[in-house]
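The values are calculated or read from the model by the stated rules, or taken from the named source; none is laboratory data. Keep in mind the model is a prediction, meaning the values are calculated, not measured. Reconstructed Cβ throughout: ideal geometry from the backbone, glycine too, with neighbour counts over all protein chains shown. The area values use the complete protein model at the heavy-atom level, side chains included, leaving out ligands, DNA and RNA. Shrake-Rupley method; radii C 1.70, N 1.55, O 1.52, S 1.80 Å.
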Amino acid sequence: MMKLLKILSWGLLSVACNVSAETVKEGLTLYNQKEFNEAKGIFKSLAEQGDARATFWLGVTQFRTGEQFEAGSSLHKAAEAGDPWAMHLMVPSYNGYCDYLGWPCNESWMDKAIAGWKKLADNGDGNAMYALLRWGEKPWWSYVPILKQKKYGELVEEAVKAGGYRAASFNAGIPITIEKRTELLKYEANKNYAPAMLGLYSVNKNHMKLDLDISQFLERMLLLGWSGVTLIFELEQSLPRIKSFSDIEALSDEDKKLISDLYYYSLINKRITGDQYFNTTVNIFNEKNELFVVDLLTEGEKKRIEEKARKFLVDFKVNLFIDEASSVHALL
């Protein structure tokens with residue numbers, strides 16, 4: 001009988017842990033959709049039950065909602081409860097808010113965070129693998145040029161395939177070849193990870209030309225809920241310069257379609273960033289130096305595009321693509 005009760009107890013504990021993990025995941029989804037108050041309610045409820053991961057996210061969300069001092073307290077509690085990501089945010093040399101806000105930070109949390117990441121990495125956590133590659137002790141081969149990029153490439157691939165997508169990004173600070181980085185960014189892009197699409201844009205622009213439709217990737221980023229500022233900037237560069245009425249008359253059908261697309265994308269992006277980065281009006285001076293403000297779209301065209309955007313945005317969700325491994329600047 002006692003054995004049966006023990007089995008049932010372990011079963012109930014397992015179910016409770018799974019429910020908790022799913023609930024934290026639900027809260028994180030809301031957080032990434034910028035539904036910060038709703039997310040905070042979920043994290044607070046779980047934090048009160050002693051969930052260290054939820055307490056970490058409670059602190060992060062409190063910071064987002066202007067409760068900086070409460071955030072410091074929550075993050076410290078999460079660190080004391082064993083969350084390595086919270087421990088990392090309690091390291092003053094990593095997190096500049098520590099001194100600025102007077103949080104109870106200490107450099108000693110760094111070694112504890114590394115120990116915590118090692119435990120998570122041993123259980124297949126890709127983000128923890130990434131953290132160890134970036135902030136853990138450097139292995140001997142990292143000082144041997146002929147071995148460094150090859151070994152790091154193998155370990156970054158392992159981390160990425162385990163879900164640690166930030167390991168392949170340019171700002172990860174991990175020395176891998178551009179070919180390996182590109183390979184892994186393509187893998188992540190195929191998993192609809194928008195930051196990887198921006199990474200491929202950077203490869204194509206600054207390192208080597210890729211046999212890919214980069215503008216299609218930038219559009220996918222926007223439609224996945226991530227910032228479309230880069231897409232709007234790139235498309236706007238394709239427009240001819242308009243300084244006179246004759247320039248407007250010379251616009252091709254392709255140019256006019258591009259202007260319509262830019263207006264449409266800017267309306268969607270406004271839901272994400274709060275700003276509209278494309279203006280359909282241009283300033284033109286005539287021969288007498290008189291200023292005219294001309295709209296490149298008619299009222300009818302604008303209304304049609306606005307209605308198309310309105311319908312699309314009904315089910316549209318913002319996605320910040322933030323997780324525990326995001327930088328301190330993204331989290332706070």
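Full extension of the chain segment joining Gln33 with Ala115 gains 26.4 nm, where the gain is 0.36 nm per residue of separation less the Cα-Cα distance.
Accessible surface for Arg271 stands near 110 Å², nearest 10, in the context of the full protein assembly shown (1.4 Å probe).
For the chain, the solvent-accessible area works out to 55 Å² per residue, with a probe of 1.4 Å and every protein chain left in place. Most fluctuating residue of Ala52, Ala113, Ala309 in a GNM of the chain with Cα springs under 10 Å: which is it? Taking springs between Cα atoms under 10 Å, the residue moving most is Ala309. Helices that extend 30 Å or more along their long axis by alpha-carbon positions and average at least 0.0 on the Kyte-Doolittle scale are, among the DSSP H runs of the chain, 2-32. Each Lys and Arg adds +1 at its Cβ and each Asp and Glu adds -1 at its Cβ; summed about the Cα centre, the range 145-202 shows a dipole of about 80 debye.
Note on Val314: accessible area approximately 100 square angstrom, rounded to 10, probe 1.4 Å, nucleic acids and ligands left out. Projected over all directions and averaged, the alpha-carbon convex hull of the chain occupies 23.8 nm². With the charge dipole of the chain set up from +1 on Lys and Arg Cβ and -1 on Asp and Glu Cβ about the Cα centre, the Cα lying farthest toward the positive end among the listed residues Pro139, Gly153, Gly126 is that of Pro139. Estimated from the Cβ-Cβ distance and a Förster radius of 30 angstrom, the FRET efficiency linking Asp122 and Asn206 is about 0.25. Subtracting the Cα-Cα distance of Phe69 and Ile178 from their residue separation scaled by 0.36 nm leaves 35.1 nm.
Its Cα centre serving as origin, the range 17-111 has a Cβ charge dipole (Lys and Arg +1, Asp and Glu -1) of approximately 200 debye. Can you find, among Met221, Leu28, Leu262, the residue farthest towards the positive end of the dipole of the chain? Put +1 on the C-beta of Lys and Arg, -1 on that of Asp and Glu. Of Met221, Leu28, Leu262, it is Leu28. Roughly how many Å² of Asp99 are accessible to a 1.4 Å probe, to the nearest 10? Approximately 130 Å² for this residue. Pair-distance distribution of the range 38-197: all C-alpha pairs, bin width 5 Å, starting at 0; shares per bin in whole percent are 2, 9, 16, 17, 17, 17, 12, 7, 3, 1, 0.
In this label model, Glu301 and Val314 are separated by 2.6 nm, measuring between points 7 Å along each Cα→Cβ vector.
What is the magnitude of the charge dipole of the chain about its Cα centre, with +1 placed on the Cβ of each Lys and Arg, -1 on the Cβ of each Asp and Glu, and no other charges, expressed in debye to the nearest 20? Walk me through the numbers before you get to the answer.
Details: 40 positive and 44 negative charges, 174 e Å.
Charge dipole, the chain, about its Cα centre: 840 debye, nearest 20.
Tally up the carbon and sulfur contribution to the accessible surface of the chain as a whole percent, 1.4 Å probe, everything protein left in place.
Roughly 53 percent, rounded to a whole number.
Assuming R0 = 45 Å, what is the FRET efficiency of Gln216 and Lys25, from their Cβ-Cβ distance, to the nearest 0.05?
Working: r = 29 Å, r/R0 = 0.65.
Computed FRET efficiency for Gln216 and Lys25 comes out at 0.95.
Going by the alpha-carbon gyration tensor, a ≥ b ≥ c the square roots of its eigenvalues, is the range 155-208 rounded (a/c under 1.5) or, if a/c is not under 1.5, prolate (a/b greater than b/c) versus oblate?
It is oblate, given that a/c is not under 1.5 and a/b is not larger than b/c.
Can you tell me the length gained on complete extension of the stretch Ser246 to Thr281, counting 0.36 nm per residue apart and subtracting the Cα distance? It would help to have the intermediate numbers written out before the result.
On the way: separation 35, 0.36 × 35 = 12.60 nm, distance 1.54 nm.
Between Ser246 and Thr281, full extension yields an extra 11.1 nm.
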